[in-house]
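One structure is given below, encoded as structure tokens.
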Ligand SMILES: Nc1ncnc2c1ncn2[C@@H]1O[C@H](COP(=O)(O)OP(=O)(O)OP(=O)(O)O)[C@@H](O)[C@H]1O
Ligand SMILES: [Mg+2]
């Protein structure tokens with residue numbers, strides 16, 4: 001469970017990132033966060049694993065405050081949170097296997113990791129994670145030899161190998177075409193349903209959001225302006241979130 005307790009964030013230059021966000025995300029939900037560019041989607045997501053520090057309020061992960069945690073507590077909470085980025089964040093010159101294995105880093109001593117000594121069992125976990133995203137045959141290729149969609153699925157496998165309970169994905173399909181978007185989103189749904197990993201995903205396209213979300217959170221200028229089941233997120237709701245009528249730019253149009 002992820003809980004925001006009256007969370008606000010003001011950046012050092014005075015820009016407001018989040019304002020009085022108060023909500024709870026239960027285990028197994030597939031939450032999609034939408035809003036205009038600059039609405040605070042990344043700030044929201046990155047606050048959850050403390051890539052950004054909030055300036056007010058508290059965020060709890062399974063009843064433990066991540067905003068107050070430090071040292072090994074913070075480390076352990078973070079281990080439960082996998083992160084997926086628009087640009088994949090892979091080590092491009094390393095093998096697919098190496099990249100997925102890096103999801104295991106949180107389970108071992110620093111020294112062991114500097115030496116690159118992953119136990120056999122980790123390799124089995126990494127292999128299994130790659131099989132889950134149908135990339136087993138790419139195991140020993142260099143990450144940058146894969147297509148964008150495949151690279152994103154390697155980053156999903158990395159989160160799987162991490163055995164995270166929550167996955168935060170910041171615009172995971174923004175740099176992909178419609179076909180590949182579907183594959184990546186289907187993988188996330190599969191993981192959500194089969195492994196019960198909670199998903200919090202920032203998305204730009206309305207039709208993609210509608211197709212995959214169970215719950216939509218709409219942000220505008222750092223404030224929650226909509227929070228409800230996907231069925232309730234009508235065109236009107238989206239217009240309100242965006243502060244303008246929906247235009248074609250917000251619809252990908254190919255994810256049926
Ligand atoms: N490091 C920073 N310093 C100052 N202001 C920032 C910083 N990062 C983000 N902001 C501001 O905070 C607000 C929210 O930004 P955020 O990146 O969360 O938006 P977003 O919804 O993710 O936008 P996009 O769709 O473009 O990714 C914006 O006004 C942005 O300019
Ligand atoms: Mg963003």
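Every condition in (1) crowded, with 17+ Cβ neighbours inside 10 Å; (2) within 21 Å of residue 135 (Cα to Cα); (3) without any contact (Cβ under 8 Å) to a residue 40 or more places away in the chain is met by residue 195 except one, and the failing one is (1). Got at least one residue in region 77-87 being exposed (fewer than 15 other Cβ atoms within 10 Å of the Cβ) and more than 14 Å from ligand 1 (Cβ to nearest atom)? Within region 77-87, not a single residue is exposed (fewer than 15 other Cβ atoms within 10 Å of the Cβ) and more than 14 Å from ligand 1 (Cβ to nearest atom). Scanning region 19-35 for residues that are surrounded by fewer than 17 Cβ atoms within 10 Å (Cβ to Cβ) and either part of a strand (DSSP E or B) or within 16 Å of ligand 2 (Cβ to nearest atom) (or both) yields 20, 22, 23, 24. Within region 105-113, is even one residue within 20 Å of the chain's Cα centre (by Cα) and at pLDDT below 95? Yes, because at least one residue in region 105-113 is within 20 Å of the chain's Cα centre (by Cα) and at pLDDT below 95. In the set (1) farther than 28 Å from residue 128 by Cα; (2) more than 12 Å from ligand 1 (Cβ to nearest atom); (3) outside any strand (DSSP E or B), residue 98 fails one condition alone, (1).
Checking the conditions here, which among 90, 117 is in contact (Cβ under 8 Å) with a residue 12 or more places away in the chain and either at negative phi or outside any helix (DSSP H, G or I) (or both)? Within the list 90, 117, the selection yields 90.
Would you call residue 152 away from ligand 1 (no atom under 16 Å from the Cβ) and surrounded by 14 or more Cβ atoms within 10 Å (Cβ to Cβ)? Considered against the rule, which asks whether it is away from ligand 1 (no atom under 16 Å from the Cβ) and surrounded by 14 or more Cβ atoms within 10 Å (Cβ to Cβ), residue 152 comes out as yes.
For (1) modelled with pLDDT of 95 or more; (2) surrounded by 13 or more Cβ atoms within 10 Å (Cβ to Cβ); (3) within 13 Å of ligand 2 (Cβ to nearest atom); (4) closer than 16 Å to residue 202 by Cα, each residue gets a yes or a no:
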| position | (1), (2), (3), (4) |
| --- | --- |
| 1 | yes, yes, no, no |
| 8 | yes, yes, no, no |
| 41 | yes, yes, yes, yes |
| 45 | yes, yes, yes, yes |
| 58 | yes, yes, no, no |
| 63 | yes, no, no, no |
| 68 | yes, no, no, no |
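Of the strands (runs of 3 or more DSSP E) contained entirely in region 161-229, those carrying at least 3 residues that are away from ligand 2 (no atom under 16 Å from the Cβ) fall at 223-229. Residue 129: touching a residue at least 24 places away in the same chain (Cβ under 8 Å) and part of a helix (DSSP H, G or I), yes or no? Answer is yes for this residue.
For residue 36, are the conditions met, namely being modelled with pLDDT under 95 and within 16 Å of the chain's Cα centre (by Cα)?
Values: modelled with pLDDT under 95: yes; within 16 Å of the chain's Cα centre (by Cα): no.
When the stated conditions are applied, residue 36 does not pass them.
Taken across region 38-60, residues that are out of contact with any strand residue (DSSP E or B) (no Cβ under 7 Å at 6 or more places or on another chain), touching a residue at least 40 places away in the same chain (Cβ under 8 Å), within 27 Å of residue 209 (Cα to Cα) and away from ligand 1 (no atom under 16 Å from the Cβ) do not occur at all.
The values are calculated or read from the model by the stated rules, or taken from the named source; none is laboratory data. Predicted model, so just to flag it, every value in this text is computed and none were measured. Neighbour counts run over all protein chains shown; Cβ positions are idealised from the backbone, glycine included.
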